[in-house]
Amino acid sequence: MAKTIIDLKKADLTLGRAAASVHVLKGIDLVIDAGESVGIVGPSGSGKSTLLMVLAGLERLDSGEIHIDGAGLHGMNEDRVADFRGRNIGIVFQSFHLIPNMTALENVAVPLELANVRDAFEIARRELTAVGLGERLSHYPGQLSGGEQQRVAIARALAPSPKLLIADEPTGNLDTETGRQIADLLFAKQAERGMTLVLVTHDPALAARCGRQVAMRSGEIVSGAVPVRVQAEAVPA
């Protein structure tokens, strides 16, 4: 039987204050099974990236519940959420978010060291080699192409062996061919490790590679909120 890894219930979030406030998430429900690949799609301003940040524990809900692998993030303080995220969730951003004065090896190893992971540099070396950068360990981000920088970011996200990999427009800053290679890498690593992959994208071809698409509009999920197995169970025999 499939195991639920993400369970979002009546999630509500408003960003900004007073006249500048925006009701970004409007009481949404979302269920994602362990091992699924899910693409979150929708027009700009629909709440896709904010939803992703909630799933990553980087934005806190105003109300509602969020359970990741059975843990209720909505009931944790920021330190506990950060600790949980560091052990269970890998994040890949559109703009890479690498530290410019650190080498590729250091960019992957330092977060592990901060989390008191043993053999951090050996793990980092292994992960960078696994994404095809074994010969670029000592290079700084400015010496790497966009595709190589994103590979470093993927290695960093994978290094803690997370159960959940979250990617926000992972190919958005790359040319078509490089973007395809990065997509190939993400899906290969997801399949290889049995992780859950949740990504936001404006690219229909990338979204179509996911096992399920969750469509958003104006802060609400309009389709794809539950796995196919749940949809099937809801249909009377």
### Structure-based [θ]222 nm, the chain - -39500 (n - 2.57) summed over DSSP H runs of at least 4, per residue, nearest 500
-10500 deg cm²/dmol
### Query
If each of Ala188 and Val228 carries a label point 7 Å out from its Cα toward its Cβ, how far apart are those two points in nm?
2.5 nm
### Message
Tell me the carbon and sulfur percent of the accessible area for region 23-127, rounded to whole percent, probe radius 1.4 Å.
### Response
48 percent
### Task
Can you send over the solvent-accessible area of Phe96, 1.4 Å probe, protein chains only, in Å² to the nearest 10?
20 Å²
### Summary
region 29-102 and region 146-176 have their Cα centres apart by a whole-number Å value of 15 Å
### Query
Can you pull the accessible area of Val108 for me, 1.4 Å probe, Å² to the nearest 10?
0 Å²
### Task
Pull up the cross-link candidates among the lysines for Lys189, meaning alpha carbon to alpha carbon under 22 Å and not fewer than 8 places away within one chain.
Lys3, Lys163
### Summary
Taking a straight Cα-to-Cα line shorter than 21 Å from Lys10, and setting aside same-chain lysines fewer than 8 residues away, one finds Lys26, Lys48
### Message
Can you give me the distance in nm between label points at Ala205 and Asp69, each placed 7 Å from the Cα along the Cα-to-Cβ direction?
### Response
3.3 nm
### Message
Which of the three applies to region 93-195, rounded, prolate or oblate, going by the alpha-carbon gyration tensor with a ≥ b ≥ c and a/c under 1.5 meaning rounded?
### Response
oblate
### Query
Does region 3-76 come out rounded, prolate or oblate by the C-alpha gyration tensor, with a ≥ b ≥ c the root eigenvalues, rounded set by a/c under 1.5 and, if not, prolate when a/b is larger than b/c and oblate if not?
oblate
## Note on the structure
If R0 = 25 Å, then Leu15 and Ser161, at their Cβ-Cβ distance, give a FRET efficiency to the nearest 0.05 of 0.20
#### Entry: Calculated FRET value between Ala2 and Arg80, using beta carbons and R₀ = 30 Å, to 0.05
0.65
## Note on the structure
In order over region 14-25: 3J(HN,Hα) from phi, Karplus 6.51/-1.76/1.60, θ = phi - 60°, whole Hz, x for each Gly or Pro, gives 10, 9, x, 10, 6, 5, 8, 6, 10, 7, 7, 10
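The values are calculated or read from the model by the stated rules, or taken from the named source; none is laboratory data. This structure is a prediction, so every number in the text was calculated from the model and none was measured. For neighbour counting, all protein chains shown are included, and Cβ atoms are generated from backbone atoms with ideal geometry for every residue, glycine included. These accessible areas exclude ligands, DNA and RNA; they are computed on the full protein's heavy atoms, side chains included. Shrake-Rupley method; radii C 1.70, N 1.55, O 1.52, S 1.80 Å.
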